[in-house]
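Please read the structure below before turning to the comments.
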Amino acid sequence: MKKVVFLLSLAIVVLSFSGCKNERSRLAGDVVNNPATASGEVDGDSPVIKFDIEEHDFGKITAGEKVSYTFKFKNTGKSDLILSRVTASCGCTAPKYSTAPIAPGQTGTIDVSFNSEGRKGVQNKSVTVVTNATPNTVVLRIKATVMEL
C-alpha cells in the first residue's frame, strides 16, 4: 500500500512539473538584432543606449525603508532600441521597464526599487540591462547604507 501511494505521489509530482509551460513573452529573433561582430565592428545603423548615470547612492536609509530611483536613458543610435531583459542581482531589488521599442532620439526609463527590510550596513545592488543596442549589456548600480532603528 505504501508503495502504491508513493508511486502515485511521484507520478503527480512528475506530471505537475512536465505540465508547466513557460508563459514568458519572447521577442522574435528577427526583432532583436545586435550588429556587433566578433571582430568588434559595429553597424552604423544600430541603436545606441546612453544612460544619464549608471550608479545611484541613496545614502543613509532606515532599516525597513523602501526607496526607488529612475534611471533615464536615450537611444542615440539610428534604429529602434529594445530592452529584451532587465534583471536585478537579488530579490530585494525590483526593476520596472517598458518592452516597447524606443525610436532613435527618444528617451526611456528603468525604475528600480530597493526594499531594505532585513538588511543592514552597506548595500550594493546591480541591475543588468540587456538590449539590441551598442553596448548590448549595461550594469546599473544602486547603493545604500541601511541604519538600524
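The values are calculated or read from the model by the stated rules, or taken from the named source; none is laboratory data. What you see is a predicted model; the values in this text were computed from it and never measured. Note that each Cβ is placed from the backbone with ideal geometry, even for glycine, and that neighbours are counted across all protein chains shown.
Observations, loosely collected:
- Enumeration of residues in region 66-78 that are assigned to a strand (DSSP E or B) and not hydrophobic (A, V, I, L, M, F, W, C): LYS66, SER68, TYR69, THR70, LYS72, LYS74, ASN75
- Within the option set GLU148, GLU117, being among the charged types (D, E, K, R) and out of contact with any Ser or Thr (no Cβ under 9 Å at 6 or more places or on another chain) holds for one residue only, GLU117.
Per-residue answers, yes or no, for (1) touching a Ser or Thr at 6+ places or on another chain (Cβ under 6 Å); (2) surrounded by fewer than 18 Cβ atoms within 10 Å (Cβ to Cβ); (3) of a type outside the set (Gly, Ala, Ser):
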{"site": "CYS90", "(1), (2), (3)": "no, yes, yes"}
{"site": "GLY105", "(1), (2), (3)": "no, yes, no"}
{"site": "SER113", "(1), (2), (3)": "yes, yes, no"}
{"site": "LYS125", "(1), (2), (3)": "yes, yes, yes"}
{"site": "VAL139", "(1), (2), (3)": "yes, yes, yes"}
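- If you go through region 44-65 and pick out every residue that is farther than 27 Å from ARG119 by Cα, acidic (Asp, Glu) and either within 16 Å of the chain's Cα centre (by Cα) or assigned to a strand (DSSP E or B) (or both), you end up with 0.
- Residue within region 13-21 that is closer than 27 Å to SER126 by Cβ, over 17 Å from the mean Cα position of the chain (by Cα) and modelled with pLDDT under 95 present: no
- Region 51-62: number of residues that are surrounded by 14 or more Cβ atoms within 10 Å (Cβ to Cβ) and either at pLDDT below 95 or farther than 28 Å from ALA103 by Cα (or both): 2
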